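Student: To start, I am sharing the structure in question, which I have written as structure tokens.
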Amino acid sequence: MQAQYDYSGKVVFVAGGTSGINLGVAQGFAQAGASVAVMSRSQDKVDAAVALLKAHGGEVFGVAADVRDYAATENAMKAAQAALGKFDVLISGAAGNFPAAALGMSANAFKTVVDIDLLGTYHVLRAAFPLLKKPGASIVNISAPQAFIPMEMQMHVCAAKAGVDMCTRVGAMEWGAAGVRVNSVTPGPIEGTEGMKRLAPNETTRHLITETVPLGHFGTPDDIAQACLWLSSPLARYVTGVVLPVDGGWSLGGVSSSFDGLKKAFAGAGKPA
Ligand code: COA
Ligand code: NAP
């Protein structure tokens, strides 16, 4: 990975930063010189992520907390700030997903995803803002194409991530006066991630999805890291309130083509219990 901007002296907090895309984003910032804090539910995942991030040489802090619990989220952020001194960048990416038809899941299953993705994002933004608030600060929410393209078996995720993008837009409006920018990055299908294991669990489903990506291949966590690095740097100082797809063009075809692959994939896998 080649850094576009030197983040030495900056502190980045990554909610849900212990695996997959978000860990890749945390690594991108660590490689670019930042001190990094990561938070997720599992202490084991936190410990493993901290060990990995320390290899980049900077200061690293890890803390276990569930974004559904506001007090725990706020305490985790205060602990990270006490350890690393301040926050300059917030990445909010904790999420849960499973393929299930709207009537094939319980009300609690729907609520669980909304609580993690949407309420959890609000908790993270709300707890972070007083610690982050200063001109030049940046918030990036990790969203999903489901936020703006309806997808079968994903009513819970579509609803939650659409809400996440609205938090981005309203946050940009309310916090612009404080000099804080808020943007969303929308990953397409990303190689080797838990999300893709769930939505494309075998070669057939992978192939069906790949066929609908104009660039013809899955992305990597580093592709998402590069977008977050740019958006959070002074190079993007006049960019706020945007929802930036980083998806190889996957979302361009909309319902009719882009998600045809996923629809076929769901026909062969991930049926609700
Ligand atoms: N289909 C339908 N319902 C499902 C489901 C599935 N595949 N998986 C879980 N649920 C339901 C459960 O049955 C439960 O509902 P119930 O109480 O009516 O039975 C509800 O969802 C909550 O499940 P639970 O396992 O208690 O939730 P949790 O808080 O422990 O875990 C999840 C949250 C379900 C989202 C879990 O998959 C998770 O932790 N995901 C994080 C990783 C991830 O999803 N990564 C990809 C990000 S894109
Ligand atoms: P992942 O590895 O499962 O990442 C999810 C992270 O969030 C993990 O660190 C997880 O750790 C944490 N987390 C989950 N629930 C949490 C909770 N309640 N409280 C705190 N932390 C929690 O999945 P991924 O596929 O890389 O997805 C990362 C992000 O990218 C998500 O926002 C997802 O919606 C988005 N996305 C992914 C893809 C893709 O191709 N994979 C495509 C579009 C969008 P714990 O288990 O320890 O809590």
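Student: Report yes if some residue within the range 254-263 is touching a strand residue (DSSP E or B) at 6+ places or on another chain (Cβ under 8 Å) and either at pLDDT below 95 or in a loop (DSSP other than H, G, I, E, B) (or both); otherwise report no.
Tutor: Residues of the range 254-263 that are touching a strand residue (DSSP E or B) at 6+ places or on another chain (Cβ under 8 Å), as a first pass: none.
No - not one qualifying residue is present in the range 254-263.
Student: Within 19 Å of Phe13 (Cα to Cα), in contact with an Asp or Glu (Cβ under 8 Å, 6 or more places away or on another chain) and more than 16 Å from ligand 1 (Cβ to nearest atom), is that true of Gly62? Spell out the reasoning first.
Tutor: On the way: within 19 Å of Phe13 (Cα to Cα): yes; in contact with an Asp or Glu (Cβ under 8 Å, 6 or more places away or on another chain): yes; more than 16 Å from ligand 1 (Cβ to nearest atom): yes.
Yes, satisfied.
Yes or no, residue by residue, for (1) in contact with a Phe, Trp or Tyr (Cβ under 7 Å, 6 or more places away or on another chain); (2) away from ligand 1 (no atom under 14 Å from the Cβ); (3) modelled with pLDDT under 95; (4) more than 25 Å from Thr121 (Cα to Cα):
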| site | (1), (2), (3), (4) |
| --- | --- |
| Lys161 | no, no, no, no |
| Met173 | no, yes, no, no |
| Val180 | no, yes, no, no |
| Ile190 | yes, no, no, no |
| Thr210 | yes, yes, yes, yes |
| Leu215 | no, yes, no, yes |
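Student: Taking the range 98-126 as the search range and keeping residues that are within 14 Å of Gly171 (Cα to Cα) and away from ligand 2 (no atom under 12 Å from the Cβ), which one is surrounded by the most Cβ atoms within 10 Å (Cβ to Cβ)?
Tutor: Leu125
Student: Between Leu103, Leu119, Leu131, which is over 23 Å from Ser42 (Cα atoms), in contact with a Lys or Arg (Cβ under 9 Å, 6 or more places away or on another chain) and at pLDDT 95 or above?
Tutor: Working: Leu103 fails: in contact with a Lys or Arg (Cβ under 9 Å, 6 or more places away or on another chain); Leu119 fails: over 23 Å from Ser42 (Cα atoms).
When all the criteria are applied, what remains is Leu131.
Student: Hey, any hits in the range 25-43 for a residue that's among the aromatic types (Phe, Trp, Tyr), closer than 13 Å to Ala127 by Cα and in contact (Cβ under 8 Å) with a residue 12 or more places away in the chain? Spell out how you get there, then give the answer.
Tutor: Here is the first cut: in the range 25-43, the ones among the aromatic types (Phe, Trp, Tyr) are 29.
Adding the requirement that they be closer than 13 Å to Ala127 by Cα leaves none.
Scanning the range 25-43, I find no residue that is among the aromatic types (Phe, Trp, Tyr), closer than 13 Å to Ala127 by Cα and in contact (Cβ under 8 Å) with a residue 12 or more places away in the chain, so the answer is no.
Student: Here are Gly85, Gly62, Gly9, Gly57: which of them is more than 9 Å from ligand 2 (Cβ to nearest atom), modelled with pLDDT under 95 and not aromatic (Phe, Trp, Tyr)? So that I can check it myself, show each step before the final result.
Tutor: On the way: Gly85 fails: modelled with pLDDT under 95; Gly62 fails: modelled with pLDDT under 95; Gly9 fails: modelled with pLDDT under 95.
Exactly one residue qualifies, and that residue is Gly57.
The values are calculated or read from the model by the stated rules, or taken from the named source; none is laboratory data. Just so we're clear, the structure is a prediction, and the values are computed from it rather than from any experiment. Using ideal geometry, Cβ is built from the backbone for each residue, glycine included, and neighbour counts are taken over all protein chains shown.
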